[in-house]
1. Could you check how many residues of region 78-100 are out of contact with any strand residue (DSSP E or B) (no Cβ under 8 Å at 6 or more places or on another chain) and surrounded by 14 or more Cβ atoms within 10 Å (Cβ to Cβ)?
2. Could you say whether any residue in region 15-29 is crowded, with 19+ Cβ neighbours inside 10 Å and either assigned to a loop (DSSP other than H, G, I, E, B) or basic (Lys, Arg) (or both)?
3. For residues that are assigned to a loop (DSSP other than H, G, I, E, B) and surrounded by 12 or more Cβ atoms within 10 Å (Cβ to Cβ), scanning just region 47-77, find the one that is modelled with the lowest pLDDT.
4. Taking region 89-106 on its own, how many of its residues are in contact with a Phe, Trp or Tyr (Cβ under 8 Å, 6 or more places away or on another chain) and within 17 Å of Ser47 (Cα to Cα)?
Amino acid sequence: MPTSVHDFFWPDRVVVGAIGVPGARTFYLQVRARKQVVSIAMEKQQSALLAEKIDEILDQLITVEGNRFSVPTGTPVELVDNDPLEAVAEQFRTGAMSLGWDPTTAQIVIEAHPITDDGPDADDNDEALQEDGGNETEMLRVRMPVGTARAFAKRTREIVGAGRPMCPLCGYPVDADGHTCTLPEV
């Protein structure tokens, strides 16, 4: 089964952004290198976890004795990207993701794979899909230098946190069309 890999080694831009109103937003990981732009849909929780794990990797690298990588403890001001997403053409919806560190290039590596249909009828369609080439899969691989990765994580946390406000009474999100909560009995 051939895999179409969208590979970005030194992207011009890599960000998470959201489209829609809080409570009904769609999150995207968007990468651009020159004129090539790839946007993949993600869940809010995937976005939040990705930012958290990137910061964990970078923080751990700082503590390595004899660390030869210049890992910033904060977000370099010159790498802050608050611009909106570029035109979004969803490549795929993200299923599995992996995150790693490449010490040869001093880059964080993100790999994202689409959600697959592994349901009970998936095997019945394999032969038909192979005949028409419909089973070709995709993946996105992005490599980010440490400063870009730190800025990416900061922006992602801000985007995720810009959702619906939390109810001060029950702690659940407040919808734009109202909110009803019940206080626990004392």
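1. The qualifying residues number 1.
2. Taking region 15-29 and keeping what is crowded, with 19+ Cβ neighbours inside 10 Å, we get 15-18, 27-29.
From what's left, either assigned to a loop (DSSP other than H, G, I, E, B) or basic (Lys, Arg) (or both): none.
Checked against the condition, which is being crowded, with 19+ Cβ neighbours inside 10 Å and either assigned to a loop (DSSP other than H, G, I, E, B) or basic (Lys, Arg) (or both), region 15-29 yields no hits at all.
3. Here is the first cut: in region 47-77, the residues assigned to a loop (DSSP other than H, G, I, E, B) are 64-76.
Next, from what is left, pick out any that are surrounded by 12 or more Cβ atoms within 10 Å (Cβ to Cβ): 69, 71-72, 75-76.
On the way: Phe69: 77, Val71: 86, Pro72: 85, Thr75: 88, Pro76: 87.
Ranking the qualifying residues of region 47-77, first place goes to Phe69.
4. Residues meeting the conditions: 1.
The values are calculated or read from the model by the stated rules, or taken from the named source; none is laboratory data. Because the structure is predicted, anything quoted here is derived from the model rather than measured. Ideal geometry is used to build each Cβ from the backbone, glycine not excepted, and the neighbour counts take in all protein chains shown.
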